[in-house]
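Novice: Here's a structure for you.
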Amino acid sequence: MNPDGTSSGAAGQGGGRGSVTIREVAALAGVSAGTVSNVLNRPYYVKEATRERVLQTIEELDFQPTQKARQFRPGRERTLGIAVANLDNPFFVDVALGAEEVARQHDIGVVITNSGYDAEVENQNLDLLVQHRVQGLIISPVDESSSRLQMLQDRGVPMVFVDRVGQNATHGWSVVVDDERGGAIAAKHLVDTGHRRITLVGHPHTSPKVRARLEGVRSVVKKSPGVQLEVLETDSWTVDTGREAGWQITKTLPGQRPTGIICANDLLALGALQSFSSAGLRVPKDLAVIGYDDLEWSAVSTPALTTVRQPRRLLGATAVRMLLELSRDVNAKPRHNHVVLQPELVVRDSA
Ligand code: RIB
């Protein structure tokens, strides 16, 4: 077995399946063996033109890195990586804090990276974490269907998806909160308190999370005669977006204006509340507002926000416990383990 993990006849013999070394690929492509390794394992670090030239050489020589050469080997330090979608959103801060608390109880260090909702940055962060040979990864991915995540799983990196799992809900290890149930309990509260014109503020067209919450809302509305539902499409989860959406709602004629608003998360709700207040609309008298997440700020907003609580720290803590179990022997564990936590309605003053 060559040092780089390939098997060959006499060292340096080229040609044939499995007999080509990484050094021969490097020599022909005019790069270092490290660059060839990066093309295979951390393609993000290699310039496009170089990457293409190396991949072409690999194909020409039919280079076959052995599975062992590509298999993930965790480092000795007890450290795990957490890649969160956006630390700008306190939801993910709370998930990371919950994860860190359990990791610390097991004398395990945590390296937290922030993707800022940017899939390219996420890829860089993942490469960094794997390069530092963490024991495993906890990730709330920007792009649940990322090929990089699939590649890391194929290389045997122990990984638990938290909050955002996409197609991994049917394979891989993951922990989420039941979004459909969350949407349903928000809608039921509005219907039970007499609201007949309900608007959901969010972006179901781009977020599987919002789509699931909307499905939950719809499941209640369709069983509630006389209740109308509209969706006010936004393009993000932020306070500014909520402010803009709230402003649009203030412009509707009183007879057509919704009386119940469900925002896809608390940040959108906090922004909408600001617009309603600026327009002189009274909450909940003129219109009721429900958020989603139950961030720390939501209890002290004006009015205090009624919201759907996600057990954020428990999400992070559960993900770490699952990762510790999974990374004991990733190959011996079931390929699929999906844990679903429950949301709950927290009734305050806004609805
Ligand atoms: O607030 C951000 C949203 O994205 C949360 O509701 C959480 O579910 C995350 O996916």
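The values are calculated or read from the model by the stated rules, or taken from the named source; none is laboratory data. All values derive from a computational prediction rather than experimental measurement. With ideal geometry, Cβ positions are generated from the backbone for all residues, glycine too; neighbour counts draw on all protein chains shown. With ligands, DNA and RNA removed, areas are computed over all heavy atoms of the protein, side chains included. Shrake-Rupley method; radii C 1.70, N 1.55, O 1.52, S 1.80 Å.
Novice: Scanning segment 155-178 for residues that are of a type in the set (D, E, K, R) and within 14 Å of the chain's Cα centre (by Cα), which turns out modelled with the lowest pLDDT?
Specialist: Result: ARG164.
Novice: Could we say that LEU267 is away from the ligand (no atom under 16 Å from the Cβ), part of a helix (DSSP H, G or I), open to solvent by less than 50 Å² (accessible area, probe 1.4 Å) and closer than 24 Å to PRO343 by Cα here?
Specialist: No, not satisfied.
Novice: While we're looking at this one, here's another question. If only one of VAL320, VAL300 is without any contact (Cβ under 8 Å) to a residue 24 or more places away in the chain and of a type in the set (Val, Ile, Thr), which one is it?
Specialist: Exactly one residue qualifies, and that residue is VAL300.
Novice: So ILE290 clears everything in (1) open to solvent by 10 Å² or more (accessible area, probe 1.4 Å); (2) among the aliphatic types (A, V, I, L, M); (3) not in a helix (DSSP H, G or I) except one condition, right? Which one?
Specialist: Condition not satisfied by ILE290: (1).
Novice: Next question. Scan segment 143-198 for residues that are more than 16 Å from the ligand (Cβ to nearest atom), under 26 Å from LEU229 (Cα atoms) and open to solvent by 10 Å² or more (accessible area, probe 1.4 Å) and jot them down.
Specialist: Those that are more than 16 Å from the ligand (Cβ to nearest atom), under 26 Å from LEU229 (Cα atoms) and open to solvent by 10 Å² or more (accessible area, probe 1.4 Å): LYS188, HIS189, VAL191, ASP192, THR193, GLY194, HIS195, ARG196, ARG197.
Novice: Those residues that are within 24 Å of the chain's Cα centre (by Cα) and crowded, with 18+ Cβ neighbours inside 10 Å, I need them from segment 213-230; list them, please.
Specialist: ARG213, LEU214, GLY216, VAL217, listed by residue number.
Novice: Can you find a residue in segment 308-315 that is in contact with a Leu (Cβ under 7 Å, 6 or more places away or on another chain), at pLDDT 95 or above and crowded, with 24+ Cβ neighbours inside 10 Å?
Specialist: Yes, some residue in segment 308-315 is in contact with a Leu (Cβ under 7 Å, 6 or more places away or on another chain), at pLDDT 95 or above and crowded, with 24+ Cβ neighbours inside 10 Å.
Novice: Give me the residue from segment 78-100 that is assigned to a helix (DSSP H, G or I) and among the acidic types (Asp, Glu) and, out of that set, nearest to the ligand (Cβ to nearest atom).
Specialist: Only one residue fits best here, namely ASP94.
Novice: Here's something else I'd like to know. Counting just the residues of segment 127-142 that are β-branched (Val, Ile, Thr) and within 16 Å of the ligand (Cβ to nearest atom), which one comes out most open to solvent (accessible area, probe 1.4 Å)?
Specialist: VAL142
Residues are listed down the side, and each one gets a yes or a no for (1) surrounded by 13 or more Cβ atoms within 10 Å (Cβ to Cβ); (2) within 30 Å of SER236 (Cβ to Cβ); (3) in contact with a strand residue (DSSP E or B) (Cβ under 9 Å, 6 or more places away or on another chain); (4) at pLDDT below 75:
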| site | (1), (2), (3), (4) |
| --- | --- |
| ARG23 | yes, no, no, no |
| ALA27 | yes, no, no, no |
| LEU40 | yes, no, no, no |
| LYS47 | no, no, no, no |
| THR50 | yes, no, no, no |
| THR57 | yes, no, no, no |
| LEU61 | yes, no, no, no |
| ALA83 | yes, yes, yes, no |
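Novice: Pick from ALA351, ALA304: which is part of a loop (DSSP other than H, G, I, E, B) and crowded, with 23+ Cβ neighbours inside 10 Å?
Specialist: Going through ALA351, ALA304 in turn, just one is part of a loop (DSSP other than H, G, I, E, B) and crowded, with 23+ Cβ neighbours inside 10 Å: ALA351.
Novice: Let me ask you something else. Quick check: is even one residue across segment 237-252 within 25 Å of the chain's Cα centre (by Cα), more than 13 Å from the ligand (Cβ to nearest atom) and among the small types (Gly, Ala, Ser)?
Specialist: yes
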